[in-house]
Every structure is written in structure tokens, then in C-alpha cells.
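**Student:** Sharing a structure, written as C-alpha cells. Questions coming.
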Amino acid sequence: QDSSILIGSQQSGSFQGLFINNLSLGRGLFKPLFDTINLPITYTFTNSFGCTDSETRAVLKVNPKPDLLLTGLLSAYCEKDAATELVINQGIGPNSKYSIFRDGQLANSATGIKYVFNPITPGKYRIVNYYVDQNQCFSEITNSTIVNPLPKIDLDTEAIIKPGDLLTVGNNVQNELEVAYLWSNGDTKSYTTIDQSGLYILVAKNNLTSCFKSDTIEIKYDKNIKEDLFNIKLYPNPTANQLFIELSSPKSDIKLFKLNGSIVPINGNTSFSTDIFGKLIIDIVFLEPGYYCLKIPDIGDFFILKI
């Protein structure tokens, strides 16, 4: 990094030693390529009478260039992955500078040994760290990564359906060719057609980058339509202690499911029956908070319960 022009007292001499390049008679360039100690440099001059003299001086120390190593950076990220802490293997924080380039443009900069890389925006990233040590020797290291975009899915929070109608939800215009889709009802397109209420989950995974995104939509029957059509009362919803069910006639084999399809046992029972008046009380005080699906025979999967 550093260099010196050496000048002899007599202009017709020459220099000898490691890292020496004689430029002309009496002139030399000293530019060290690696660190060392006690390096002798000799200047020799012979006059017109054939008499020779030389002088040797020593470079006591050539300091090493900082050897930089960045840890913590992955080779690839998915958009909105958790932030990661990057660390450079040197100890002087104010002498360490990060420059973050996204798609060739400077996106951020910071000073310090550590830097938190937050992969919020997709793009190709180049992370440059410049470091100057206590001897004013400097070094620079460049690392690259990519932040891949998530699949493009965006479902509404909820939608209303009437009994007997068909409702298409999702993106029914164009699939992303490299993305695989899976709905909780088994459909494998970017959209699905629904004929009953429930909580529907869409998971989309990019087969090239393995980045995936999930979203949910709750399909509801209008409360008045449900009660008029099926003469059902379900309360309170949400609930935290007991669930009251009132039907127009007795029913058995009533079941509670998690959204992944697994049945939920309560006090050892996996199915429930109303009394002769169509009434049933289910104690749900020990269930984990979340969404559940209540299935009633002859009526269908019409009710989403929140605990």
C-alpha cells in the first residue's frame, strides 16, 4: 500500500534489496508486497576511478495488511426473511465501514464491526467492508448475496357467500410458472372455486428459490342466512370457556377439527350429540387459542369457531 522513492547521494548508483525497483541511476522505488521485519536496503556507487562504496539501512517492520473475513451472510435470502447480523473479524469499530449496494446502487452504509442485514427488498446485493487498522494499513472485502421475491399472492381477509353459489378466490388471471400452489381444500392452482364457508389457506412455493408465502381467507355465510336456512345458533363466538349450540332437531356425531384437518378430542370424546331438544354445551376451556372448524352432520362445514 505504501511506497517510497529512494534517492542516492551519488546519482549513478543502484539499489539492492527486497521490493526494490531501480527507476534510473540514483533512483529507486521501494513498494513492499507483504509484511516482514529487519529488511536491508543497500545503495552502491562506483566512481570513475573504479572506487566503490555502499550504505545499508534497514526497514525495521513492514506492517501486514488487515486480513478481513465477513461472517453471518447467507448466499441467498427470501424476501422478508429474518434479519441477520454480519460481523467483520477486526476489533476497531469506528475504523470499519459497510457499504451496501442493491442492483448496483448504494442502498445503505454504516460504521462499526457489526451490521444488521435486513432482506426486505428483493435484488442482488453487494456488501463491501473497508477497514483501517491501528497502523493505518487498510483492506477491503466484498461479499455478494441475493434476496429472492416471494410468490405473488394476496387474499382478502374474508368474503361472503350465499348457499348454492360458487365463489372464485385468489389470482385467476395468470399463474407464476415457477410457483407451485396448494390450497387447504386440495386445489393446486393460484385460485380456487368455493361452494361453502370455511377458512381457506393458500401456500405458494417458488420451485427455483424455495421461497414460499401463505395467506388465508375466511368465507362466511351471512349470519341471518345461516340462521334462517339451517335454524342454528352458535354462541358465543369467539369464546374462551363454553360453546353453546342450539339446533332445530337432535344431532349426533358433531365434531371439532383443527384447520389442518386433525380432530380435536375434548375430555376423551371426539364426537358429541345434542339432547332431544337439539341443544349441546361443549367445554373448550382447555383448548389452545386459535381457529377451529365445527362440523355438524347434514349441515356441512359451515362454522368457524375462534377460541
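**Student:** Quick one: which residues, 5 or more positions from ILE41 or on another chain, have an amide H under 5 Å from its amide H? H modelled 1.01 Å from N in the peptide plane, none for Pro or chain starts.
**Tutor:** When sequence neighbours closer than 5 places are left aside, the close amide H contacts are ARG57, ALA58, VAL59.
**Student:** Return the distance in nm (one decimal) between the two label points of a simple spin-label model at ILE201 and SER273, each offset 7 Å from Cα along Cα→Cβ.
**Tutor:** With each label point 7 Å from Cα toward Cβ, the separation is 3.3 nm.
**Student:** Right, here's the next one. From the phi angles alone, apply the Karplus equation (6.51, -1.76, 1.60; θ = phi - 60°) to region 290-297 and give each ³J(HN,Hα) in whole Hz, x where the residue is Gly or Pro.
**Tutor:** Computed from phi, the couplings for region 290-297 are x, 9, 9, 10, 9, 10, 10, x Hz.
**Student:** Please state, as a whole number in µm²/s, the translational diffusion coefficient that the Stokes-Einstein equation yields for the chain at 10 °C and 1.306 mPa s, with Rh defined as the Kirkwood radius across alpha carbon pairs.
**Tutor:** Translational diffusion coefficient: 59 µm²/s.
**Student:** To the nearest 500 deg cm²/dmol, what mean residue ellipticity at 222 nm is calculated for the chain from DSSP H runs of n ≥ 4 alone, each contributing -39,500 (n - 2.57), summed and divided by the residues?
**Tutor:** When only DSSP H runs of four or more count, the value is -500 deg cm²/dmol.
**Student:** Solvent-accessible area per residue for the chain at a 1.4 Å probe radius, Å²?
**Tutor:** 60
**Student:** Could you tell me which Cys residues in the chain have no other cysteine's Cβ under 4.7 Å from their own Cβ, answering none if every one has a partner?
**Tutor:** By the Cβ distance rule, which asks for a partner under 4.7 Å, the isolated cysteines are CYS51, CYS137, CYS293.
**Student:** Related question: Per 5 Å bin from zero, what fraction in whole % of the C-alpha pairs of region 20-125 is there, up to the bin with the longest pair?
**Tutor:** For region 20-125, the binned pair fractions read 2, 8, 13, 13, 10, 8, 7, 7, 8, 6, 6, 4, 3, 2, 1, 0, 0 percent.
**Student:** If you roll a 1.4 angstrom probe over the protein chains with everything in place, what fraction of the accessible area of the chain belongs to carbon and sulfur, to the nearest %?
**Tutor:** 50
**Student:** Here is a follow-up. Can you compute the FRET efficiency between PHE212 and THR84 using 1/(1 + (r/R0)^6), with r the Cβ-Cβ distance and R0 = 22 Å? Round to the nearest 0.05.
**Tutor:** With a Förster radius of 22 Å, E is 0.70.
**Student:** Another question, then. For a protection proxy built on the mean count of beta-carbon atoms within 10 angstrom, sort 143-151, 241-249 highest first, please.
**Tutor:** 143-151, 241-249
**Student:** Do you know the Lys pair count in region 1-141 for C-alpha distances under 28 Å, with sequence separation 8 or more or different chains?
**Tutor:** Final tally of qualifying lysine pairs is 12.
**Student:** Per residue of region 44-57, in order, report the coupling 6.51 cos²θ - 1.76 cosθ + 1.60 (Karplus, θ = phi - 60°) as ³J(HN,Hα) in whole Hz, putting x for Gly and Pro.
**Tutor:** Each residue's phi maps through the Karplus curve to give 10, 9, 10, 7, 5, 8, x, 8, 10, 9, 8, 9, 10, 10 Hz.
**Student:** So how do 127-133, 83-89 stack up, highest first, on mean other-Cβ count within 10 Å?
**Tutor:** Packing proxy ranking, top to bottom: 127-133, 83-89.
**Student:** About the Cα centre of the chain, how large is the charge dipole given +1 on each Lys and Arg Cβ and -1 on each Asp and Glu Cβ? Please answer in debye to the nearest 20.
**Tutor:** Approximately 720 debye in magnitude.
**Student:** Here is a follow-up. In whole Hz, with x marking every Gly and Pro, tabulate ³J(HN,Hα) for region 93-99 from phi via Karplus 6.51 cos²θ - 1.76 cosθ + 1.60, θ = phi - 60°.
**Tutor:** Going residue by residue, I get x, x, 8, 10, 10, 9, 10 Hz, with x marking Gly and Pro.
**Student:** I want to check the label-to-label distance for ALA58 and LEU18. Put each point 7 Å from Cα in the C-beta direction and report it in nm to one decimal.
**Tutor:** The modelled label-to-label distance comes out at 1.3 nm.
The values are calculated or read from the model by the stated rules, or taken from the named source; none is laboratory data. Quick caveat: nothing in here was measured; it's all calculated off a predicted structure. No Cβ is skipped: glycine too gets one built from the backbone with ideal geometry, and neighbour counts run over all protein chains shown. The accessibility values were calculated without ligands, DNA or RNA, using every heavy atom of the protein model including side chains. Shrake-Rupley method; radii C 1.70, N 1.55, O 1.52, S 1.80 Å.
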